[in-house]
Structures are given as C-alpha cells and as structure tokens.
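Following: one structure in structure tokens, then a few remarks.
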Amino acid sequence: MMNGLTNHHQALDATFRQLVRTPLASLFTLFAIGVTLSLPAGLYVLLENLTQIAAKLPVHAEITLFMRDDANAGDIQSLRNQLRTVPGVKNIQFVSKQDALSSLSAQMGLSTMAGELAANPLPDAWIVAPDTSDPGRLKQLTDRLRTLQGVAQIQADQQWTERLHALLALGADMLAALALILAAALVSISGNTIRLQILTRHAEIEVSRLIGATDGFIRRPFLYFGAIQGLFGGLVAWGVISLGILLLTPQIAILALLYASPFRLQTLSLGDGLVLLAAAAALGWLGAYLAVGRALAQIEKSR
C-alpha cells in the first residue's frame, strides 16, 4: 500500500514540476482550456438568468370566454360560479356586451355608427387570468374552460408565453450541442499536450516497458497531468465567467433600476462551479488516457 501511495505521490510531483518547468506553454494551454470551457458555462449562466427573469415576469396571459348571444343574467351567474371552482384560475372579470361595444366604438371612433345599430352584435364575455405562464398548464386550463356550460367560444392569449418557453428550450438545446462540441475540443487539447510529452519521453517509456513496467504505471503521471491541467483550466473558466458578470453588473443594475426591478445577475453557484471543475478534470483525464493508450499501442506494434 505504501508503495502505491509513493507512486501516486511521485506522479503528482512530476505533474507539478512539468507545469512549472514550462510556465509559458502551461499558461497558454490553461487559457485555451479555460476559454473553451467558459463558452458553454457562460451560456448556462445566461440561460439561468433568463429563466430567473422569465419567472419574475408578471403573467399577462388571458383567456376570454364568449357566452351565447341569448345568455341571460342566470346564465352569467351560473358561469361565474363555475369559474370560481376551476383550479388554475387566478382572477375573473365580466365584460358585458354593452361595455364591450362602448369600448370598441370609443377606440375606433365609431360612436355615432354604434348608436345606429339595431342590435348589439357582441356577446357577453368573461376574461380569465390564469395563475401560470406554463404553456402546458395553460392548454390544460383552456381545455377545461371550453367544457363549461354556457361557453360558446374561447380565445386564449398565450402566444408570448409559448414563444418565451420555446426560446428557452432552444437555448437549452444549443447549450447541450455546444457543450458536446467543446468537450470534444477539450479532450483533443489535452490529448495533444500529452502527446507532445510522450514524444519527448518516448525512449523513457520504451525502457520502462523493457524492465517490466505495467501500462498503469506508465499511464499514471500522464493521467494526473491531464486531470490537473483540466482542473486548472476549469478554474480559469470560472474566473472568466465571474469577471464577465462583475463587468456587466453595473450596467445591468442601471437597466434594472430604469424598469424598477430588483433583478441582479447571478454567477455560477458553488455547486455549479464544482460540477464545472469536475467535468474539466474528467475531460482532461480522458484526453490523456486516449493519447497514452494510442502511444502504448504504437510502441507495442513496433516491438
């Protein structure tokens, strides 16, 4: 057991000495990894902030229920009682046919013409304010209201919520695609760095194989190097995102003040940051594993 711990300690020591031995190349590599990681992580932070803004927006979706032309006071009261028992209804407002005609005439400047109509062509209506902006729940509520007795026609004003949720869903899909592409790029960056080290230590690796060193023993320092390089690159990405949020915060604060909103930009949480570091280390380790595996296979072929 002590021998195994010693081997791990030696591998870690060799990793840090390699980073210190080539500081400029190490910094460039860490910066490249950090920028690569900051793109999907930054988009994730942006989506989280947009989702937070969407959750705080007032719900303006409205559902209008038009009653039959021959509806009387009893029908109106009956529908009022039904609406009060429907789950998901936040508020209801009755608009009589007379009020609707007066409002429409005033808006269109047709007061004189409206007064000459033989009968009011508009129906009585109920305006229902739902307690949600979720498109799925709005559709369920609309379908439920459509079945109420006395409702002749229904009109749901929910396009803006559908568009908002569609945009957020599109952003999430784009984030997933970008994360996969840049994860492959990060594996490639780590693999290329390890490949250069393997070329400089090719003779040492061959001698180690000849004296009986196992593949695990040969791989160990390279795997540590890849994981630690990825971890430091993740720290760089976390710093880039935090710096970007810090620079944008004053302007966002001014904009929020103009809209009388308490909104503040949120950066990566501790949990999200730790996930970022773990993912970066794992991708760096994977790149190193693939590079060393290919090198060992080539050495084995050449023997």
Residues that are at pLDDT below 70 and outside any strand (DSSP E or B): does region 67-77 have at least one? no
For region 225-247, give me each residue that is surrounded by 13 or more Cβ atoms within 10 Å (Cβ to Cβ) and either of a type in the set (S, T, N, Q) or within 18 Å of residue 48 (Cα to Cα) (or both). 229, 237, 238, 240, 241, 242, 244, 245
Could you list, in sequence order, the residues of region 250-272 that are in contact (Cβ under 8 Å) with a residue 12 or more places away in the chain and either farther than 22 Å from residue 37 by Cα or surrounded by 14 or more Cβ atoms within 10 Å (Cβ to Cβ) (or both)? 252, 261, 263, 264, 265, 267, 268, 272
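Which of the residues spanning region 124-156 are among the charged types (D, E, K, R) and either assigned to a strand (DSSP E or B) or more than 11 Å from residue 79 (Cβ to Cβ) (or both)?
Of everything in region 124-156, those that are among the charged types (D, E, K, R) and either assigned to a strand (DSSP E or B) or more than 11 Å from residue 79 (Cβ to Cβ) (or both) turn out to be 131, 134, 137, 139, 143, 144, 146.
Does region 32-53 include one or more residues that are part of a helix (DSSP H, G or I) and at pLDDT below 75?
yes
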So which of 106, 129, 114 ends up being touching a His at 6+ places or on another chain (Cβ under 9 Å) and either at pLDDT below 65 or loosely packed, with under 15 Cβ neighbours inside 10 Å (or both)? 129
Given the criteria farther than 26 Å from residue 52 by Cβ and surrounded by fewer than 17 Cβ atoms within 10 Å (Cβ to Cβ), does residue 284 qualify? no
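Can you find a residue in region 264-274 that is on the phi > 0 side of the Ramachandran plot, assigned by TED's automatic domain parsing to the domain that holds residue 186 and not in a helix (DSSP H, G or I)?
Step one: filter region 264-274 for residues on the phi > 0 side of the Ramachandran plot, giving none.
No - not one qualifying residue is present in region 264-274.
Looking for whichever is out of contact with any Phe, Trp or Tyr (no Cβ under 9 Å at 6 or more places or on another chain), in contact (Cβ under 8 Å) with a residue 12 or more places away in the chain and farther than 18 Å from residue 40 by Cβ here; the options are 209, 163. Which one fits?
From the options 209, 163, the qualifying one is 209.
The values are calculated or read from the model by the stated rules, or taken from the named source; none is laboratory data. Computed from a predicted model, the values in this text were never measured in an experiment. As a convention, Cβ positions derive from the backbone with ideal geometry for all residues, glycine included, and neighbour counts pool all protein chains shown.
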